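J.: Below: one structure in structure tokens.
The values are calculated or read from the model by the stated rules, or taken from the named source; none is laboratory data. These numbers come from a predicted model, not from an experiment. All Cβ positions, glycine included, derive from the backbone under ideal geometry; neighbour counts span all protein chains shown. The protein model used for the area step is the full one, side chains on, heavy atoms only, and it has no ligands, DNA or RNA in it. Shrake-Rupley method; radii C 1.70, N 1.55, O 1.52, S 1.80 Å.
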Amino acid sequence: DPVLGVQVTNGKQRVQGAELEVVGRVLPGWNVWLSYAYLDCRILESPDIQNGVPIEGNRIQNVPEHSASLWTTYDITPRWQVGGGAVFVDKRYANNDNLNVVPSYVRGDLTAAYRPITPLELRFNVINVADERYFDAIHPGHVIPGNARTFLLTGTWRF
């Protein structure tokens, strides 16, 4: 509500897009996951006027136009697996006036697993290998930074 300054659900928004995923085994022991999403998100109708400018036609906040990920693993032996991948997220806007924006980013991750006995798997992951600074989410009054370089060691027992 432009008079009261309270956000109300009013108007029309539209998101049109497509997502493509490819998953497969390239060679025995080599798995690949690839995904891409395109989202055209627009404010079609809104009574909201920000800084004296109508927001109709602007992009919806916190929705990237392009995003993609690639992940691959390779079983070196039945006991050892290595892998890695990357995530891309396009720039996003903090609010519907599209004045505050965070840049796009690419983050890389690595993994290694060891299976000493059939039901047990020990896995070591490095998330954000290059310690890239990025914003995981953006809001009108603040941003949420993405994880710094993170090391994870997990154990899984399958039964």
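J.: Say whether the condition of being surrounded by 15 or more Cβ atoms within 10 Å (Cβ to Cβ), under 25 Å from the mean Cα position of the chain (by Cα) and not in a strand (DSSP E or B) is met by at least one residue in the range 109-116.
T.: The answer is no; no qualifying residue exists.
J.: Sticking with this structure for a sec: Let me spell it out: the conditions are (1) at pLDDT below 95; (2) closer than 15 Å to residue 83 by Cα, and residue 99 meets all of them except one. Which number is the exception?
T.: Condition (2) is where residue 99 drops out.
J.: Only one residue in 15, 23 is out of contact with any Ser or Thr (no Cβ under 7 Å at 6 or more places or on another chain) and within 30 Å of residue 75 (Cβ to Cβ), so which one is that?
T.: 23
J.: Of all residues in the range 117-133 being out of contact with any Ser or Thr (no Cβ under 7 Å at 6 or more places or on another chain) and not in a strand (DSSP E or B), which is least open to solvent (accessible area, probe 1.4 Å)?
T.: 119
J.: A further question on this structure: Taking the range 1-42 as the region of interest, how many residues are aliphatic (A, V, I, L, M), at pLDDT 90 or above, open to solvent by less than 90 Å² (accessible area, probe 1.4 Å) and more than 22 Å from the chain's Cα centre (by Cα)?
T.: Adding up the residues that qualify gives 1.
J.: Six or more apart or on different chains, Cβ atoms under 6 Å: show the pairs whose first residue is in the range 101-121 and without any contact (Cβ under 8 Å) to a residue 40 or more places away in the chain and whose second is among the small types (Gly, Ala, Ser) and open to solvent by less than 70 Å² (accessible area, probe 1.4 Å).
T.: 106/86; 108/86; 109/85; 110/84; 111/83; 121/113
J.: Give me the strands (runs of 3 or more DSSP E) completely within the range 1-77, filtered to those with at least 1 residues that are more than 28 Å from residue 135 (Cα to Cα) and touching a Gly at 6+ places or on another chain (Cβ under 6 Å), ordered by residue number.
T.: 30-45, 66-75
J.: Sort out which residues of the range 134-159 are open to solvent by 90 Å² or more (accessible area, probe 1.4 Å) and either among the aliphatic types (A, V, I, L, M) or in contact (Cβ under 8 Å) with a residue 24 or more places away in the chain (or both), and write them in order of number.
T.: 151, 153, 157, 158, 159
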